[in-house]
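A short worksheet on the structure shown next.
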Amino acid sequence: MKYALFLGCTIPARSRQYELSARKVAQKLGIELVNVGEFVCCGFPGKASDMKSAMILGAYNIALAEKQGLDLCALCSSCTSALTEVVHHLAHDDQAKAEVNEALSKAGLRYDKGVRVRHFARVLYEEVGKEEIRKHFTKTLEGLRIANHYGCHYLKPSEIYENFDQVEDPHTLDEMVALTGATVVDYANKKRCCGGPLLAVDEKTSLAIAKEKLDDIREAGANAINLICPFCSVMYDSNQKGIETAFSATYNLPVLYLTQLLGLAMGFDRKDLGLNMNVVKTKDALAKYSCGE
Amino acid sequence: MADIDLTKADANFRKELFAQPGGEKLSACFTCKTCTASCPVSAVNTRFSPFRIIRMALFGLKKEVLESDFVWFCSSCYACQERCPQGVSITDFMTLLKNMAIKAGHAPAGIKAQRDLIKGQGRIYAIDEFDNKKRNKIELPSLPTTCEVVKILFPES
């Protein structure tokens, strides 16, 4: 199994623990992730201002992977959806493809058929498979109560994702977390957006959306949140303190990436998984399950 | 909200929208409000309602829609689009409105800043030597600190 690793903007700058833990887990499971230094923004944050430029950015990244004969694996859900959308769109729109290629030709690239784009979590679920993942576990996370946050763009728009999971009743993350022995906690508004895309527009509304979910998760008695998108992590982990201050609330809910959780069950120590880089402290909640400083 | 003056409506606005990606199926909306009921933004801020924006657009209230701050409140979560019983691509429609608004010169500063960052440096967060130092410390590979290709892809910016 071999993929070009698409990191996007947020992960290398703000979520290095996600990249670190994903690389460790990938290595353990025999997924080869190839570094392509020339990748640029996926185009997602540019869609609001100009769909055409966003498509050119996405197509540029895909064409780079295509040139190397590699499919793309992204860790960020927004990157995954923006890139998948480009592939989906250009497969049906020759005129758009010609326009994109006109722009790409100046950079010496050509978008031909595009490549397969996959979220890392989808690769784990569909291509590695639960049985294989379980084989690499060395300890159980029994006793941990995990609330899964699927976010939006891992699943939607569903028309581009071949229904690999169900938008209105998603299960892929629940199944993978349950493998570790942890208890998956259901909660109200599980499918709701993190509010992240509104940070640049109206911080108050953005934080209010995130707060609702933190309330629901606390209510359900979870010890920690599990997620798969750096944008969502910014909302629940980096901004948790700000939400607590703005709304006079207390959560103290560690926010983990799926790769950190699976990595714990694989026996990696805290530093290997970057658990020391999460904003909300993870040490107490994970004391029973982790090793190292 | 103030009274709406329909004498100032632009009858061609809906045709303009129907002809663009995201606007094609707009006239199929039968006002069930499933979009607004599904919207995570409407749930915490009643100033935003996808249903109302669709109605305003169909009435031809071009100026009111494109100059409004509320079109920017769509978080692009696709909850409405997934559930619309009439198959209206509501999220794509909101993106279309945002594109039209910014072309007409109306956009929040944060959105303009994002656009300029992407087209200027190819990333929302540029990588500098300090970032690479931090990356190398935990054995992550260095990333390029400059991005020349955006100047080639977007020479007009």
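A short reminder: the numbers here are calculations on the coordinates, not readings from a lab. These numbers come from a predicted model, not from an experiment. Cβ sites come from the backbone with ideal geometry, for glycine too, and all protein chains shown count toward neighbours.
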Rg ratio (alpha-carbon, reference 2.2 N^0.38 Å) - the range B:109-153: 1.34
Cα-based Lys pair tally, the range B:17-129, threshold under 16 Å, eight or more apart or on separate chains: 8
Semi-axes of the equivalent ellipsoid for the range A:1-139, Cα gyration tensor, largest first, Å: 29, 15, 13
At q = 0.09, 0.10, 0.13 Å⁻¹, base-10 log of I(q)/I(0) for the protein assembly as shown (Debye sum, equal scatterers on each alpha carbon): -0.57, -0.71, -1.22
Hits among lysines - C-alpha to C-alpha of A:Lys204 under 18 Å, sequence gap 8 or more where chains match: A:Lys213, A:Lys241
Whole-Hz ³J(HN,Hα) from phi, Karplus 6.51 cos²θ - 1.76 cosθ + 1.60, for the range A:111-117, glycine and proline x: 8, 9, 9, x, 10, 6, 10
Partnerless Cys - chain A, beta-carbon criterion under 4.7 Å: A:Cys9, A:Cys41, A:Cys73, A:Cys291
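Charges only on Cβ, +1 for Lys and Arg, -1 for Asp and Glu: so what's the dipole of the range B:10-103 about the Cα centre, in debye to the nearest 20? Provide the component values of the computation, followed by the final result.
On the way: 12 positive and 8 negative charges, 31 e Å.
Computed about the Cα centre, the dipole is about 140 debye.
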Cα-only Debye scattering, the range A:138-286: base-10 log of I(q)/I(0) at q = 0.17 Å⁻¹: -0.97
Dipole of chain A [Lys/Arg +1, Asp/Glu -1 at C-beta], most positive-end residue of A:Leu199, A:Cys229, A:Val34: A:Val34
Mean ellipticity per residue at 222 nm, deg cm²/dmol - from DSSP H runs of n ≥ 4 across the protein assembly as shown, formula -39500 (n - 2.57): -12000 deg cm²/dmol
Protection-proxy order for peptides B:115-127, A:49-61, each taking the mean of Cβ atoms within 10 Å per residue, highest first: A:49-61, B:115-127
Charge dipole magnitude, Cβ of K and R +1, D and E -1 - the range A:138-286, Cα centre, debye nearest 20: 540
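Once the other residues with Cβ under 11 Å from the Cβ of A:Ala26 are scored (Lys, Arg +1; Asp, Glu -1), what is the net sum?
Local charge sum for A:Ala26: +2.
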Value in Å of the Kirkwood radius, where the range B:10-103 supplies the Cα pairs that are averaged: 12.9
Cα centroid of the range A:66-101 to Cα centroid of the range B:68-142, whole Å: 17
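Tell me the relative contact order for the range A:156-293 as a rounded percent, counting alpha carbon contacts under 8 Å between residues six or more apart.
Numbers: 146 pairs, mean separation 26.0, N = 138.
So the answer I get is 19 percent.
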Residue of A:Ser233, A:Ser105, A:Ser15 that the Gaussian network model of chain A assigns the largest fluctuation, springs spanning Cα pairs under 10 Å: A:Ser105
Relative contact order, percent, chain A [alpha-carbon distance under 8 Å, six or more residues apart]: 20
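Rounded to the nearest 20 Debye, what is the dipole magnitude of the protein assembly as shown about its Cα centre when Lys and Arg each give +1 and Asp and Glu each give -1 at the C-beta? Working shown, then result.
Numbers: 57 positive and 54 negative charges, 119 e Å.
Dipole size: approximately 580 debye.
Taking Cα pairs under 8 Å and at least six residues apart, what relative contact order does chain B come out at, in percent? Don't jump to the answer; show the numbers that get you there.
Details: 174 pairs, mean separation 33.3, N = 157.
It rounds to 21 percent for chain B.
Taking N as the number of residues in the range A:1-76, what value does Rg over Cα atoms divided by 2.2 N^0.38 Å take? Please report the intermediate quantities before stating the final value.
On the way: Rg = 13.0 Å, N = 76, 2.2 N^0.38 = 11.4 Å.
Its radius of gyration relative to the 2.2 N^0.38 Å reference: 1.14.
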Which of B:Pro40, B:Cys84, A:Leu273, positive extreme of dipole for the protein assembly as shown (C-beta unit charges): A:Leu273
